[in-house]
Amino acid sequence: MPRWGARWLPALWPALLAAAGCEGPQNALDTGGPYAARIAELWWVMLFLGTVVFLATMGLLFYGLIAARRRSERDAGELPPAHARRLVVWGGVVVPIFIVAFLLVYSVVVGRALREAPTTDALVIDVIGHQFWWEVHYPHLDVITANEIHIPAGEPVLVRVTTADVIHSFWVPNLHGKIDMIPGRTNSLWIHADEPGTFRGQCAEFCGTQHALMAFHVIAQAPEEFEEWVAGQREPAPPPADPVLQRGLEVFHGSACVYCHTVRGTNASSPLGPDLTHFGSRRTIGSGILPNTPGNLAGWLIDPQAIKPGNKMPPTNLSGGDLQALLAYLYSLQ
Ligand code: CUA
């Protein structure tokens, strides 16, 4: 490898790594719908202009260095004053004003377009931030869930956000920019997924110890599938169908679970923690951080603080039989 290569290649690594990260989950440039696409377009235009300005500035800098060295060998003279003034006026004032003004107008136009309501009868979803999970209501469909937002693919959906405690920020990079969840205030943004798919979202405002583990998923479904999901979620929990599930429900009622959780159709009706009426149908636990498997759930129930220190769920002290019955009951909540 030539010597310049050995010197410069390491400097390129960050750029190569950044390029390698251009696909995949939670990537604002891997767009899943028109809102994210507009934001990505703005980003690329800014990157392009920024790159042109950077290269032109560096070109001038090197030209200046080389020209100065050559000239100093000849006569140590300076640039003619008129020439120097033109360079400053055009390169330092006129061109930057045009570029900054263009970017300002362009970003305002994009910002306005993102806020415009595309329809008046869109599906509305209310999302409430909690330390450290997401409460999700479908006010017109009578559905309440948590940490998992189902939407129909191919249509715009209005998401209204607020918070029950501190400031959080709702962000699904593949679908839209972020929007802050502020106490006493409701903000809103539109999301629209072109195709069915799962998009990871993340709290984007530091909100406490488990801010980094405050995740969720947006699941875009074909409209018929979404209707089916809604119909299922509207149902209350079925009564326990066998003695094990009956014992599980008794454990649920007899332990700390009822102080925070709701299971519609039972006596558990506290709104403090996530609604568990259809817990078994969810894909993750702990606000999007672990797959919803019996092993993970058992660990979570016994010692949630070991998995997510600082979350508000207390540990439980259950016998093996009670734990198994509780797991079976929770997974019967489909
Ligand atoms: Cu919620 Cu950060």
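The values are calculated or read from the model by the stated rules, or taken from the named source; none is laboratory data. Since this is a predicted model, take the numbers as computed values, not measurements. Methodologically, a virtual Cβ is constructed for each residue, glycine included, from the backbone with ideal geometry; neighbour enumeration extends over all protein chains shown.
Only one of (1) surrounded by 10 or more Cβ atoms within 10 Å (Cβ to Cβ); (2) at pLDDT below 90 fails for Val109. Which number is that?
Status for Val109: all satisfied but (2).
Please state which one of Gly184, Gly232 is without any contact (Cβ under 8 Å) to a residue 24 or more places away in the chain, away from the ligand (no atom under 13 Å from the Cβ) and surrounded by fewer than 15 Cβ atoms within 10 Å (Cβ to Cβ).
Of the residues listed, the single one that is without any contact (Cβ under 8 Å) to a residue 24 or more places away in the chain, away from the ligand (no atom under 13 Å from the Cβ) and surrounded by fewer than 15 Cβ atoms within 10 Å (Cβ to Cβ) is Gly184.
What number of residues within the range 269-290 satisfy the criterion of being more than 23 Å from the chain's Cα centre (by Cα) and of a type in the set (Lys, Arg)?
So the count comes out to 0.
Take the conditions touching a residue at least 60 places away in the same chain (Cβ under 8 Å), within 22 Å of Tyr35 (Cβ to Cβ) and within 16 Å of the ligand (Cβ to nearest atom) and apply them to Gln210. Does it pass?
No.
Residues in the range 118-156 that are more than 21 Å from Tyr35 (Cα to Cα) and more than 16 Å from the ligand (Cβ to nearest atom): how many?
Selection size over the range 118-156: 9.
Return a yes/no flag: does the range 157-172 have any residue that is within 16 Å of the ligand (Cβ to nearest atom), surrounded by fewer than 17 Cβ atoms within 10 Å (Cβ to Cβ) and of a type in the set (Gly, Ala, Ser).
Within the range 157-172 (the criterion being within 16 Å of the ligand (Cβ to nearest atom), surrounded by fewer than 17 Cβ atoms within 10 Å (Cβ to Cβ) and of a type in the set (Gly, Ala, Ser)), the answer is yes, since at least one residue qualifies.
If you scan the range 115-136, which residues turn out to be over 24 Å from Gly154 (Cα atoms) and in a loop (DSSP other than H, G, I, E, B)?
Gln131, Phe132
Could you figure out which of (1) surrounded by fewer than 20 Cβ atoms within 10 Å (Cβ to Cβ); (2) free of Cβ contacts under 8 Å to residues at least 40 places away in the same chain isn't true of His261?
Answer for His261: the failing condition is (1).
Here is a check on your reading of the model: is Ala215 within 16 Å of the ligand (Cβ to nearest atom) and in contact (Cβ under 8 Å) with a residue 24 or more places away in the chain? Give the steps one after another, and end with the answer.
Working: within 16 Å of the ligand (Cβ to nearest atom): yes; in contact (Cβ under 8 Å) with a residue 24 or more places away in the chain: yes.
When the stated conditions are applied, Ala215 passes them.
Can you tell me which condition Gly197 does not meet? The list is (1) touching a residue at least 60 places away in the same chain (Cβ under 8 Å); (2) within 16 Å of the ligand (Cβ to nearest atom), and all the others hold.
Of everything listed in (1) touching a residue at least 60 places away in the same chain (Cβ under 8 Å); (2) within 16 Å of the ligand (Cβ to nearest atom), Gly197 misses just condition (2).
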